[in-house]
Structures are given as C-alpha cells and as structure tokens.
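As structure tokens, the structure follows; a few thoughts come after it.
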Amino acid sequence: SRAIAYALDGRHCDRLGVIDNDFYVAMNAGESPVEFRIPASPSGAPWKRIVYTALPSPEDFLGLDFAPSIPVMHRYSVQAHSMIILMTTR
C-alpha cells in the first residue's frame with residue numbers, strides 16, 4: 001500500500017494576531033500498518049499525541065497533560081483502519 005500525506009497550514013488565514021495550536025493528522029485506511037515520519041510543527045512547538053484510535057479506551061483519547069510527546073522525524077507506525085492526531089501546546 002502507498003501512504004499519502006497532506007498538510008493544512010492555518011497560518012495563511014485572515015485571523016491576524018490569533019495564535020492557534022498546530023495539528024498533524026495521519027490516517028491509515030489500509031489493511032496493514034503504515035509508517036509516517038513526523039514533520040516539525042509549523043510553529044516549531046513540540047508535538048503531543050492526543051488521539052490514536054488503535055489503542056483501547058481510555059488510552060485512545062488523551063488530554064494534553066497525559067499525552068506522550070512525539071519527537072520530530074520520529075517514524076510512527078499507524079495501524080490498519082486507524083489514525084493519530086498530534087497537537088502542539090503554547
């Protein structure tokens with residue numbers, strides 16, 4: 001299977017002066033795990049994994065205080081039929 005990644009950059013909007021968090025979403029709709037290399041966030045802030053749907057509840061959705069840090073350029077294996085959401089904190 002082939003992994004496809006897309007990026008949305010919210011810095012280019014009409015909300016001048018607003019500071020938002022960055023998000024990274026990796027989805028795998030395939031039948032086997034797919035490896036993603038985690039890029040640096042647009043703001044340079046560190047990533048926290050707040051969602052990983054392959055994990056059992058309540059570990060699949062975590063608050064920022066409990067979410068593990070994910071290093072830049074880390075190879076993250078996303079299991080079949082699941083997704084991760086990373087978020088930065090400011």
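The values are calculated or read from the model by the stated rules, or taken from the named source; none is laboratory data. Since this is a predicted model, take the numbers as computed values, not measurements. A quick note on method: Cβ atoms are made from the backbone with ideal geometry, for glycine too, and the neighbour counts reach across all protein chains shown. Just the protein is used for accessible areas: all its heavy atoms, side chains included, with ligands, DNA and RNA removed. Shrake-Rupley method; radii C 1.70, N 1.55, O 1.52, S 1.80 Å.
Pairing each residue of segment 25-37 that is farther than 22 Å from PHE61 by Cβ with any residue that is surrounded by 14 or more Cβ atoms within 10 Å (Cβ to Cβ) and of a type in the set (Val, Ile, Thr), provided the two are 6+ apart or on different chains, yields C-beta distances under 9 Å for GLU35/VAL78. One residue alone among SER1, SER57 is at pLDDT 90 or above, in a loop (DSSP other than H, G, I, E, B), out of contact with any Ser or Thr (no Cβ under 6 Å at 6 or more places or on another chain) and hydroxyl-bearing (Ser, Thr, Tyr), and that residue is SER57. For segment 24-54, the set of residues classified as open to solvent by 100 Å² or more (accessible area, probe 1.4 Å) and either at pLDDT below 90 or assigned to a loop (DSSP other than H, G, I, E, B) (or both) consists of GLU31 only.
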